[in-house]
Amino acid sequence: MNITNIKSFVEFYKFLGITDCISQVQRNKMKLKVDPKTNIQEIKKNKKNEKKIKSKLISINNLKSLILDLDCNLKDVATNLVLYDGNYDANIMFIGEAPGANEDINGKPFVGEAGKLLDKMLSFINLSRNNIYITNMVFWRPPGNRTPNEKEISVCLPYTKKHIKIIKPKLLVFVGSIAAKNLLDSKEGITKIRGKKHIYEDKENDLKIEARAIFHPAYLMRNPIEKKTMWDDLLEIDEFINSNNILQDE
Ligand code: URA
């Protein structure tokens, strides 16, 4: 029964001569269920979390201002800065390569064909933009979707490191070889880097974060035979997430 007006409902029962309510649960038992200590702890925890989220948002906005002032040649030819999408309180952070045409128009990473494929694959392990944070190594679209060059990557790299420090995820997932090589400081290609457990290290900020690398979805679109390998990598990521209990409720 859906009671929208409790007052008239009580009046109606009074009208019928019913003045007592007999519940199967005793009143004192109902009261006992609410532990005031737990409640206060819960409120404190929520307040702390609210503070943390607010401070992250401020830091991301400050980072955005710094990036907008960067001296990067891509800035002059791109339509929009592409900084992030997803949940900035997430424990899992994905880092791709550079925005493409759709991302440039929308100002959000991974919203084109490759992004749709990534979203679909992530949904198989219960990940979505509600429980991950996603960004790129380079913040503007390289003309014609070419691979960003060394100079463009090195201009953006310190800001991606700052970005990681702000989000402070418990798991980093590098999407494709540009992110994997540069953030793991490796000379190896993605075929060698993927499928292994890595630690991202930022000595300057005393950060060590579990990291994995996966094929870029654009590569999978050209080489669908590698989808099985991607599936294996996603299963390993899923196992890490579950065994460390790092997926927040949506
Ligand atoms: N490829 C990327 O690496 N990033 C995007 O945002 C889109 C395509």
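Just so you know, all these numbers are worked out from the coordinates, no wet-lab data involved. Keep in mind that what you see is a predicted model, and the values were worked out from it rather than measured. Heads up, the Cβs are rebuilt from the backbone with ideal geometry, glycines too, and the neighbour counts pull from every protein chain shown.
Overview of results
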{"item": "Distant-in-sequence amide H partners of Ala211 (H built 1.01 Å from N, under 5 Å)", "result": "Leu172, His198, Ile199, Tyr200"}
{"item": "Under the Karplus curve 6.51 cos²θ - 1.76 cosθ + 1.60, θ = phi - 60°, whole-Hz ³J(HN,Hα) for the stretch 97-110, x wherever Gly or Pro sits", "result": "9, 7, x, x, 4, 5, 5, 4, 6, 8, x, 10, x, 6"}
{"item": "Positive minus negative residues near Phe139 (Lys, Arg vs Asp, Glu; Cβ under 11 Å)", "result": "0"}
{"item": "Fully extended contour minus Cα-Cα distance, from Asn245 to Asn46, at 0.36 nm per residue", "result": "69.8 nm"}
{"item": "Kirkwood-based Rg to Rh ratio, the stretch 122-191, C-alpha trace", "result": "0.97"}
{"item": "Centre separation in Å (Cα based) which lies between the stretch 140-192 and the stretch 54-129", "result": "12"}
{"item": "Set Lys48/Lys120; Lys120/Lys168; Lys37/Lys64; Lys75/Lys197; Lys51/Lys170 screened for pairs whose C-alpha atoms are more than 29 Å apart", "result": "Lys48/Lys120; Lys37/Lys64; Lys75/Lys197"}
{"item": "Sequence-distant residues sharing a close amide H with Asn136 (under 5 Å, placed H)", "result": "Gly96"}
{"item": "Charge dipole magnitude, Cβ of K and R +1, D and E -1 - the chain, Cα centre, debye nearest 20", "result": "920"}
{"item": "Solution diffusion estimate, µm²/s, Stokes-Einstein, the chain, Kirkwood Rh from C-alpha pairs, 37 °C, viscosity 0.692 mPa s", "result": "157"}
{"item": "Folded to 0 to 90 degrees: helix 150-167 orientation relative to the chain principal axis, Cα", "result": "20"}
{"item": "Estimated [θ] at 222 nm from DSSP helical runs (n ≥ 4, -39500 (n - 2.57)) normalised by residues in the chain, nearest 500", "result": "-15000 deg cm²/dmol"}
{"item": "Estimated vicinal HN-Hα couplings, Hz - the stretch 184-193 in sequence order (Karplus 6.51, -1.76, 1.60; Gly, Pro = x)", "result": "9, 6, 10, 9, 6, x, 4, 4, 7, 6"}
{"item": "In degrees, nearest ten, helix 36-68 long axis to first principal axis of the chain (Cα)", "result": "30"}
{"item": "Neighbour-count order for Ile209, Ile92, fewest beta carbons within 10 angstrom listed first", "result": "Ile209, Ile92"}
{"item": "Extension reserve of the Ser59-Ser128 stretch, reckoned as 0.36 nm per residue once the Cα distance is removed", "result": "22.5 nm"}
{"item": "Added length on full extension, which subtracts the Cα-Cα distance from 0.36 nm per residue, Ala101 to Lys170", "result": "21.8 nm"}
